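Novice: Below is the structure I would like to discuss, written out as structure tokens.
The values are calculated or read from the model by the stated rules, or taken from the named source; none is laboratory data. As the structure is a computational prediction, the values presented were derived from the model and not from experiment. Cβ atoms come from the backbone with ideal geometry, glycine included; neighbour counts cover every protein chain shown. Ligands, DNA and RNA are excluded from the accessible area calculation, which covers all protein heavy atoms including side chains. Shrake-Rupley method; radii C 1.70, N 1.55, O 1.52, S 1.80 Å.
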Amino acid sequence: MDHQDRIQAVIKDLSNRLDLGVDLTPQKSAIWLVKSGKSRNDNLQNGKSPTDLKTWITMLEIFNTSFPPIEIDSGLSDRVISTDAVNDFESLKKVLKGNGLDVKKTEREILSLVIRSH
């Protein structure tokens, strides 16, 4: 089962089992966009273990449900970075800056799961 089939299975399951109206539609949403920055510090910050950017951002989104979706500019996902604690936009900006990256608040059209009762 490929990714698209799994998404359709979730939509069908929610619709049938819970009697909900479910659609996956593009909608304009506030996001945080990670992009290249001006300089890069190749030294590990505070002795933290390095990790790839995509995995770290995914974990931030899971454990910080108040954050908007975080997107990564193309070509940056596999970059290895050193990390630190993040609890808001400013602390994320600081960690990314230390790794030669930047983040900005913006709006983009993203796929959104829209659930409504009948």
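Novice: May I ask you to say which residue of Ile11, Ile110 is in a strand (DSSP E or B), open to solvent by less than 40 Å² (accessible area, probe 1.4 Å) and hydrophobic (A, V, I, L, M, F, W, C)?
Specialist: Going through Ile11, Ile110 in turn, just one is in a strand (DSSP E or B), open to solvent by less than 40 Å² (accessible area, probe 1.4 Å) and hydrophobic (A, V, I, L, M, F, W, C): Ile110.
Novice: On to the next question. Checking the conditions here, which among Lys28, Lys105 is open to solvent by 60 Å² or more (accessible area, probe 1.4 Å), in contact with a Phe, Trp or Tyr (Cβ under 7 Å, 6 or more places away or on another chain) and at pLDDT 95 or above?
Specialist: Matching residue, one of Lys28, Lys105: Lys105.
Novice: Another question, if that's okay. Could you tell me whether the stretch 36-59 includes any residue that is closer than 30 Å to Ser117 by Cβ, open to solvent by 80 Å² or more (accessible area, probe 1.4 Å) and out of contact with any Phe, Trp or Tyr (no Cβ under 9 Å at 6 or more places or on another chain)?
Specialist: No, the stretch 36-59 contains no residue that is closer than 30 Å to Ser117 by Cβ, open to solvent by 80 Å² or more (accessible area, probe 1.4 Å) and out of contact with any Phe, Trp or Tyr (no Cβ under 9 Å at 6 or more places or on another chain).
Novice: Got a number for residues in the stretch 83-97 being assigned to a helix (DSSP H, G or I) and either within 15 Å of the chain's Cα centre (by Cα) or among the small types (Gly, Ala, Ser) (or both)?
Specialist: So the answer is 5.
Novice: Can you pull out the residues in the stretch 76-95 that are of a type in the set (Gly, Ala, Ser) and open to solvent by less than 30 Å² (accessible area, probe 1.4 Å)?
Specialist: Result: Ser82, Ser91.
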